[in-house]
Amino acid sequence: MVSPSVRRRAALASVHESGHPAAAVCRALGVPRSAFYRLPRRSRPSQELEQRVVELSERHPRYGYRRITALLRRAGACVNPKRVQRIRAEGGLKVRKRQRKARRLGLSTSERQRVTHPDHVWSCDFVHDQTGSGAGFRVFTMVDEHTRECLALHAAWSLGSKDVIAVIAEVVARRGAPGHLRCDNGPEFISYAIRDWLETQAVGTLYIRPGSPWENPYIESFHDKLRDEFLNRELFDTLRGAQVALAGFRREYNTLRPHSALRYLTPAEFAAKRRAELRSAHVPASPSLANPNQNNQQPNQAPKALV
C-alpha cells in the first residue's frame, strides 16, 4: 500500500511535469485535494527529538547512531535506533570512518583466558601527541579490562619508570591493587624499579610478546577511541591545557559515554553492577589467575594463562 505522503509527492510531480490541472491529477491518482494542498507538518515532540539528535550528534561527532540512541534513552526518551539513524542520515551527520586493514601474520595457538571481575587485570601503555607549537608529549593510559574503566590518563613531556610507579600507586591507593598488570616490553615497564614495586604490592605481571600489540587488545581499543574522539579533535596550547582536557575526557568516558561492549552502559555503571553481583555471590575480590608463578615471568616470555 502506498502511503499518503508518497501519493502526494507523485501528484506534485505529475502536475509539475505534465502541466495538467491539480484537480484532474488528484482524481486520476486518488489523492484528496485537501491532502494535495496541505503542507506536511511534524508534531512538536518529533521536532524536539530531531533537534535533540542533532545537538547530541554535533556535541559528539564521532558517536554512531546506536550510542546517540543510548544517550536519548538514558534521558528518558522512547526512540527507535532506526529513527535516529534516519534523522542523522538526512542531516548529513553519519560517521564516516575508513576501515583499517590488518595483515594476518598467523594463527595463535594459545588460548586467552577472560577476566572475570573488576580489578582482575589492568592494561597500560603510552600514546603520543603534541601541542600547537609542535612540542611532543606522552600520555600514560591504563584501563580495567573487565569494566573498561579508564583508570589513568597522565600527560607529561617525558615519562620514566618512576613516573609510571607514581601513577599506578595513586590508582592502587584509590581502588586497591589489581591481580595482574598487562603491558608491553617497553623500558618503563621492564625496569627493576617497577618490577620490584609490583612485587611488593603482590601484583602479577603479564608481558605481551615483543611486536604483538594485538595481545593487549583492551588498551589498543581504548587508544582508538581516545585518538578518534579526542586527540584528533583537540589542539592544545600548553601541556597543562592537555592535562586538564584529558581529565575531562576521562570523566566523560567513565560516567557519560555509553560503551557498546557493555550493552551501552557506561563503564562506571557496569562496574557498580558487577560489584553488586559479586557481593551477592560472595566472590573474592581479587582471586589470582590459573598460574600463580607468573609474577616472576621474564619480560620477553609470552604469558601462559593470559596472552
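Picking from residues in the range 58-73 that are at pLDDT below 90 and in a helix (DSSP H, G or I), the one that is farthest from the chain's Cα centre (by Cα) is E58. Residues that are touching a helix residue (DSSP H, G or I) at 6+ places or on another chain (Cβ under 8 Å) and either touching a residue at least 60 places away in the same chain (Cβ under 8 Å) or hydrophobic (A, V, I, L, M, F, W, C) (or both) within the range 155-167 comprise A155, A156, W157, L159, V164, I165, listed in sequence order. Set side by side, the residues H180, H154 differ, and just one is of a type outside the set (A, V, I, L, M) and modelled with pLDDT of 95 or more, which is H154. Tell me yes or no: at least one residue of the range 282-292 is at pLDDT 95 or above, within 30 Å of S212 (Cβ to Cβ) and not in a loop (DSSP other than H, G, I, E, B). Scanning the range 282-292 turns up no residue that is at pLDDT 95 or above, within 30 Å of S212 (Cβ to Cβ) and not in a loop (DSSP other than H, G, I, E, B). The single condition among (1) assigned to a strand (DSSP E or B); (2) at pLDDT 95 or above; (3) of a type in the set (D, E, K, R) that E170 does not satisfy is (1). Within the range 238-260, identify whether any single residue is of a type outside the set (D, E), in contact with a Phe, Trp or Tyr (Cβ under 6 Å, 6 or more places away or on another chain) and surrounded by fewer than 17 Cβ atoms within 10 Å (Cβ to Cβ), and answer yes or no. Yes, the range 238-260 contains at least one residue that is of a type outside the set (D, E), in contact with a Phe, Trp or Tyr (Cβ under 6 Å, 6 or more places away or on another chain) and surrounded by fewer than 17 Cβ atoms within 10 Å (Cβ to Cβ).
For the range 217-232, the criterion of being surrounded by 19 or more Cβ atoms within 10 Å (Cβ to Cβ), over 30 Å from G134 (Cα atoms) and of a type outside the set (A, V, I, L, M, F, W, C) is met by none of the residues.
Which of the residues belonging to the range 35-49 are assigned to a helix (DSSP H, G or I) and at pLDDT below 80?
A35, F36, Y37 - these are the residues of the range 35-49 that are assigned to a helix (DSSP H, G or I) and at pLDDT below 80.
For the range 150-165, the candidate set comprises residues that are assigned to a helix (DSSP H, G or I) and surrounded by 14 or more Cβ atoms within 10 Å (Cβ to Cβ); within that set, the residue that is nearest to the chain's Cα centre (by Cα) is V164.
List every residue pair whose Cβ atoms lie under 7 Å apart, where the two residues are 6 or more positions apart in sequence or sit on different chains, the first residue falls within the range 1-22 and is in contact (Cβ under 8 Å) with a residue 24 or more places away in the chain, and the second residue, located anywhere, is among the aromatic types (F, W, Y). Every condition considered, the pairs that remain are R8/F36; A11/F36. Just one residue in the set R100, R112 is modelled with pLDDT under 90, assigned to a loop (DSSP other than H, G, I, E, B) and under 19 Å from the mean Cα position of the chain (by Cα); that residue is R100.
Of the residues V15, V53, V25, V6, only one is part of a helix (DSSP H, G or I) and at pLDDT 90 or above; which?
After applying the criteria, what remains is V53.
The values are calculated or read from the model by the stated rules, or taken from the named source; none is laboratory data. Source: prediction; values computed, not measured. Note that we place each Cβ from the backbone using ideal geometry, even for glycine, and neighbour counts take in every protein chain shown.
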